[in-house]
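Colleague: Have a look at this one before I ask anything.
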Amino acid sequence: MRNAFASEVTKLATQDTRLVLLSGDIGNRLFDKFKDAAPERFYNCGVAEANMMGVAAGIAMSGLRPVCYTITPFVTYRCLEQIRVDVCYHRVPVVIVGTGSGLSYASLGATHHSCEEMGMLRLLPHLAVLAPADEHEVRACLAAALKQSDPVYIRIGKKGEPAIHKSTPAFAFGKSLTMRAGTDVALLAAGTIAPVALAAAEKLAALGISARVESCPSVKPLPVEMLREVFATCKVVATIEEHSTWGGFGGAVAEWLTDQWPAPRARLLRLGTTPDEFLHVTAEQEEAREHYGLTAEGVAARVAQAAKS
């Protein structure tokens with residue numbers, strides 16, 4: 001996904017001379033083509049992410065289109081105040097990209113995990129939150145983000161994530177992407193966990209349960225039209241994310257659901273990382289997902305149990 005981001009941001013920079021790329025001491029060789037194409041519009045801001053965010057806000061106020069890029073926890077937790085006050089308060093079009101989101105860097109410990117940042121950032125006024133599932137959604141989300149007049153946060157994977165699309169989809173804010181039709185349950189996946197949702201749907205089919213799968217890159221704003229449809233037609237709606245079940249995509253759907261009257265008939269099941277807990281196990285991403293039950297087998301088992309109850 002990060003290679004797709006580098007390729008897309010370079011392409012877009014050749015089309016729009018306002019685009020400026022700021023890096024938090026990461027991806028120097030990754031952006032060699034960008035620096036060849038626009039050397040005067042690439043800035044390595046070093047290990048000073050809070051300052052980078054302030055610089056980006058100033059650049060945006062000058063009429064340019066800055067994109068900030070570094071490892072997810074460092075571009076979110078480390079500079080939350082600057083995102084809130086410099087970017088969101090002034091409502092400037094800064095695009096913030098966090099690479100290696102969720103448990104992508106599980107083996108490097110809690111400092112590199114990001115299982116709470118969507119919950120934090122979606123609280124900020126004017127800031128959209130996107131979680132693309134694969135390289136094709138990354139390209140679509142970045143292109144759409146750079147057309148916005150408000151700030152946008154995009155969380156992406158690290159590398160090697162499987163593609164769920166054959167080409168760039170028609171992404172729109174507040175919309176989802178239907179990956180599989182189904183009538184009994186709906187699996188709503190935000191981010192790189194989408195292939196797990198698709199595999200879980202296959203396992204549910206073997207149990208006689210028809211599962212609809214939606215890729216939901218638009219976490220804020222929510223895809224409310226799709227939500228109304230699946231909650232009105234399915235028995236179980238499961239949100240799946242590599243993020244805490246508190247505050248993130250599942251939390252946003254739960255908040256939306258409480259405001260609906262009359263209440264939709266479907267049961268909401270939120271699947272993600274355990275809230276109020278750090279992961280103290282050193283593991284690779286797949287092992288960390290197993291720890292939280294975020295596997296095709298784990299998701300299918302929990303959804304099937306909920307559908308039968």
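The values are calculated or read from the model by the stated rules, or taken from the named source; none is laboratory data. Since this is a predicted model, take the numbers as computed values, not measurements. So basically every Cβ, Gly included, is an ideal-geometry build from the backbone, and we count neighbours across all protein chains shown. SASA here: full protein model, heavy atoms, side chains in, ligands and nucleic acids out. Shrake-Rupley method; radii C 1.70, N 1.55, O 1.52, S 1.80 Å.
Colleague: For each pair in Lys35/Lys147; Lys166/Lys308; Lys159/Lys235; Lys158/Lys308, compute the distance between the two Cα atoms and list the pairs where it is over 32 Å.
Modeller: Numbers: Lys35/Lys147 22 Å; Lys166/Lys308 34 Å; Lys159/Lys235 35 Å; Lys158/Lys308 37 Å.
Violating the 32 Å limit, Cα to Cα: Lys166/Lys308; Lys159/Lys235; Lys158/Lys308.
Colleague: For region 117-212, count all C-alpha to C-alpha pairs, find those more than 15 Å apart, and express that count as a whole percent of the total. Working shown, then result.
Modeller: Details: 2907 of 4560 pairs.
Distances greater than 15 Å cover 64 percent of the Cα pairs.
Colleague: Right, here's the next one. Could you provide, to the nearest whole Å², the per residue accessible area of the chain with probe 1.4 Å?
Modeller: Working: 12860 Å² over 309 residues.
Dividing the accessible area of the chain by its residue count gives 42 Å².
Colleague: So how exposed is Asp25, as accessible area in Å² (1.4 Å probe, rounded to 10)?
Modeller: 80 Å²
Colleague: What percentage of all Cα-Cα pairs in region 70-150 are separated by more than 21 Å? Don't skip to the answer; put the middle values down first.
Modeller: Working: 931 of 3240 pairs.
So the pairs more than 21 Å apart make up 29 percent of the total in region 70-150.
Colleague: Work through the residues other than His136 whose Cβ is under 13 Å from its Cβ and net out their charges, Lys, Arg +1 and Asp, Glu -1.
Modeller: -3
Colleague: Shifting gears a bit: How big is region 198-309 on each of its three principal axes, counting only the C-alpha atoms and giving the largest first in Å?
Modeller: Extents along the principal axes, in whole Å: 45, 32, 25.
Colleague: Just from the alpha-carbon atoms, what are the Rg and Dmax of region 1-71 in angstroms?
Modeller: 11.2, 30
Colleague: If you don't mind, there's one more thing I want to ask. Once you charge only the Cβ atoms, +1 for Lys and Arg and -1 for Asp and Glu, what is the size of the charge dipole of region 153-251 about its Cα centre, to the nearest 20 debye?
Modeller: Around 180 debye, computed over region 153-251.
Colleague: With 10 Å bins from zero, work out the P(r) of region 171-258 over every alpha carbon pair and list the percent per bin.
Modeller: 19, 55, 25, 1
Colleague: Pop a pseudo-label 7 angstrom from the Cα along the beta-carbon direction at both Ala232 and Ser107 and give the gap in nm to one decimal.
Modeller: In this crude spin-label approximation the distance works out to 4.8 nm.
Colleague: Please label the shape of region 236-290 as rounded, prolate or oblate, based on the square roots a ≥ b ≥ c of the eigenvalues of the alpha-carbon gyration tensor (a/c under 1.5 means rounded; beyond that, a/b larger than b/c means prolate, else oblate). Write down the numbers at each step before the final one.
Modeller: On the way: a/c = 4.10, a/b = 2.49, b/c = 1.65.
Because a/c hits 1.5 or more and a/b exceeds b/c, region 236-290 counts as prolate.
Colleague: Take the solvent-accessible surface of the protein heavy atoms, probe 1.4 Å, and return the percent of it on the chain that carbon and sulfur atoms account for. Display every interim value, and only then the final one.
Modeller: Details: 6670 of 12860 Å².
Answer for the chain: carbon and sulfur cover 52 percent of the accessible area.
Colleague: May I pose another question? Using θ = phi - 60° and the Karplus relation 6.51 cos²θ - 1.76 cosθ + 1.60, list the HN-Hα couplings for region 174-187 in order, rounded to whole Hz, with x at every Gly or Pro.
Modeller: The phi angles translate into x, 10, 10, 10, 6, 9, 7, 7, x, 10, 8, 9, 10, 10 Hz.
Colleague: If you don't mind, there's one more thing I want to ask. With both partners inside the chain, how many of the DSSP beta bridges are antiparallel, as a percent to the nearest 5?
Modeller: Approximately 15 percent, going by the DSSP bridge assignments.
Colleague: Count neighbours as other Cβ atoms within 10 Å of each site's Cβ, and list the trypsin sites (Lys or Arg not before Pro) in region 241-278 that are DSSP loop with at most 13 such neighbours.
Modeller: Arg265
Colleague: Work through the residues other than Val92 whose Cβ is under 14 Å from its Cβ and net out their charges, Lys, Arg +1 and Asp, Glu -1. Please list the in-between numbers first.
Modeller: Details: positive: Arg18, Arg65, Arg84, Arg91; negative: Asp86, Asp150.
The answer is +2.
Colleague: Measuring from the lowest to the highest alpha carbon on each principal axis, how far does the chain reach, largest first, in angstroms?
Modeller: Projected onto its principal axes, the Cα set of the chain covers 59, 41, 37 Å.
Colleague: Is region 1-132 rounded, prolate or oblate when judged by the Cα gyration tensor, a ≥ b ≥ c being the square roots of its eigenvalues, rounded requiring a/c under 1.5 and prolate requiring a/b larger than b/c?
Modeller: oblate
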